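Asks: Here it is, the structure in full.
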Amino acid sequence: MKQWRTIFTLWLAFLVATLSSMALPQDSKPAAPQSGEPSASDAKDSRAGSDYSGMYSFLKEGEFVQVTVEDAGRVTGFISRYGQGESDSGAFLDHFFKMGKLDGDKLSFATQTVHAVWFEFKGTVERGEGKNPGDEAYYVIKGILTENTSDANKKVSSHVQQVVFRMFPQDAAPAPAARD
C-alpha cells in the first residue's frame with residue numbers, strides 16, 4: 001500500500017510540473033484573441049463609446065436628447081421636446097429610439113412616432129470645445145436630422161437640417177466632508 005502512495009505522489013508531482021510548464025508563455029508575443037473574444041482595441045472602443053453616453057441639447061432651449069451607448073454599439077435613448085400641435089402645445093413629448101447604432105464615431109438613430117412626428121439622425125460624435133470630461137460640450141453630436149410629419153391623409157413631409165447637439169455638463173461630485 002505504501003508503494004502505491006509513493007507512485008501516486010510521484011505521478012501527481014509529474015502531472016503538476018507538466019501542466020505548469022505548458023501554462024507558461026513560450027515567447028513574449030501576446031496570444032491572438034479567439035474568435036468572439038474582445039481584443040484590447042475593442043475594449044478601448046467600447047469604453048470610448050460609453051463615454052459618449054449622456055444628455056445633449058436638442059433644437060430648442062429646454063429640449064434634449066438622451067443617448068446611452070450599450071454593448072456592441074447598440075444605442076438607446078430618447079428625444080424630449082416641446083409639442084407644437086394644437087392639443088400638445090407646450091407639453092413635453094418623449095420620442096424613444098426604436099433603433100440606434102454607434103460604429104466607431106458614426107451615430108445613427110430613428111425614433112418612434114409620437115403625435116404623427118418622428119426623427120431620424122445620421123452623423124458623428126466628436127470632441128467638442130469642453131476642456132475636461134464633464135464640461136459642457138466635451139462631446140458634440142454633428143450630422144443630419146430629419147423631422148418627419150404625417151398628416152391626417154398619411155402624407156409624409158420631411159424637414160432636413162444640419163445640427164450640432166452639445167453634451168450637457170455633468171454634475172460635479174460633492175466635496176468631501178471636512179474632518180476635524
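Asks: Count, please, the residues in the range 138-163 that happen to be at pLDDT below 95 and under 22 Å from Gly104 (Cα atoms).
Replies: The total comes to 0.
To keep it simple, each residue is scored yes or no on (1) surrounded by 10 or more Cβ atoms within 10 Å (Cβ to Cβ); (2) of a type in the set (Ser, Thr, Tyr).
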site: Asn132; (1), (2): no, no
site: Glu136; (1), (2): yes, no
site: Ile141; (1), (2): yes, no
site: Thr149; (1), (2): yes, yes
site: Lys154; (1), (2): no, no
site: Gln162; (1), (2): no, no
site: Asp171; (1), (2): no, no
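Asks: Can you go through Gly73, Gly123 and tell me which one is within 20 Å of Gln162 (Cβ to Cβ) and either of a type in the set (Ser, Thr, Tyr) or in contact with a Lys or Arg (Cβ under 7 Å, 6 or more places away or on another chain) (or both)?
Replies: Gly123
Asks: Can I ask one more? Mind counting the residues in the range 142-164 that are touching a residue at least 24 places away in the same chain (Cβ under 8 Å) and in contact with an Asp or Glu (Cβ under 8 Å, 6 or more places away or on another chain)?
Replies: Here the count works out to 3.
Asks: What are the residues in the range 56-103 that are of a type in the set (Val, Ile, Thr), out of contact with any helix residue (DSSP H, G or I) (no Cβ under 7 Å at 6 or more places or on another chain) and either surrounded by 20 or more Cβ atoms within 10 Å (Cβ to Cβ) or in contact (Cβ under 8 Å) with a residue 24 or more places away in the chain (or both), if any?
Replies: Once the filter is applied, which keeps residues that are of a type in the set (Val, Ile, Thr), out of contact with any helix residue (DSSP H, G or I) (no Cβ under 7 Å at 6 or more places or on another chain) and either surrounded by 20 or more Cβ atoms within 10 Å (Cβ to Cβ) or in contact (Cβ under 8 Å) with a residue 24 or more places away in the chain (or both), the range 56-103 yields Val65, Val67, Val75, Thr76, Ile79.
The values are calculated or read from the model by the stated rules, or taken from the named source; none is laboratory data. Note that the structure is predicted; figures quoted are calculated from it, not measured. Neighbour counts run over all protein chains shown; Cβ positions are idealised from the backbone, glycine included.
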